[in-house]
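Just so it is clear, none of the values below were taken in a lab; they were calculated from the coordinates. Note that the structure is a prediction, hence the values are computed from the model and not measured. All Cβ positions, even for glycine, are placed from backbone atoms using ideal geometry, and neighbour counts span all protein chains on display.
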Amino acid sequence: MQPIAFCSRCRGMKVGWNRRYIFHCLVCRQWVFKSVRLSALATAVLFAIFAFPVPTGIGVADVSASPESQPPVLQASLVPVLSRPAPAGPSPAAVAAIDSMLTKYNIRQAQRDRVARAIVSSSRKYNLDSKLVASVVIVESRVDPHAISEAHSIGLMQIHLPTWGSVADKQGIDLFKIEDNVDLGTKILKGYISKFGLWAGLAHYNGSTDAPESQQASNDYVRKVQRIYGYSPAEN
């Protein structure tokens, strides 16, 4: 009995050298082969995608990556932040040294720290020894921000109102404010020292004139400052 072949397209047919079977072999079998081949290729592509995924750069960063492997733009953006210097301020050691000079005087700790910081800041601003400025504050007012003398001098550094009051008014300086008083007093002291020298400038800060009585009082004032400052004329 001659075998029968079945095709979904050609339906049933006799196997052999007949027109329907030959047409089936040339057309239908080739079409099936192509379909199978395309299916196999698609399956291989899908397998490659899932077995070997292409890196996308999206996901959790590799914490073990070396610095050289990190994006250069990120590294460059961090440089200004890391290399920016911290704002300069009064040296803690310098403030502590001045604070220890002021401990003998009747001033509460919080205010004493404020005075010490003002002295260190203004001394550095006008290029003077902070220990010298502290010595002037001690002699002038015994570290009393509200001190007022009979000669109408005010505050820690006893700013003389008849001489410097108009300057303070024009510049909006509050002579009872610790920082303002110390800053203006240090500026005035620096001006006298630059003009007359260290100790003669200090005498002029005290109001020295050509009168013998004034010179004697100024000399006594200078010696008081020197004593607190730790300077002996014999060392000169």
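Brief remarks follow.
- The gain in end-to-end length when the Thr163 to Arg223 segment is fully stretched comes to 19.2 nm, 0.36 nm per residue minus the alpha carbon separation.
- Lys pairs, the stretch 92-235 - Cα-Cα below 29 angstrom, 8 or more residues apart or on other chains: 28
- A simple count of charges around Arg112, restricted to other residues whose Cβ falls under 11 Å of its Cβ and scoring Lys, Arg +1 and Asp, Glu -1, yields +2.
- Virtual paramagnetic centre 7 Å along Cα→Cβ of Asp129, amide N under 12 Å, in the stretch 196-210: 198-199
- Loop-resident trypsin sites (Lys or Arg not before Pro) (DSSP state other than H, G, I, E or B) in the stretch 117-152 with no more than 15 further Cβ atoms inside 10 Å of their Cβ: Arg142.
- In this Cβ point-charge picture (+1 for Lys and Arg, -1 for Asp and Glu), the stretch 132-236 has a dipole of about 240 debye about its Cα centre.
- The ranking of Glu179, Glu150, Glu213 from fewest to most other beta carbons within 10 Å of each one's beta carbon is Glu150, Glu213, Glu179.
- A full extension of the chain between Ala93 and Ser232 corresponds to an added length of 47.6 nm, given 0.36 nm per residue minus the alpha carbon distance.
- Approximate spin-label separation Thr209-Ala110, in nm, with each point projected 7 Å along Cα-to-Cβ: 4.3 nm
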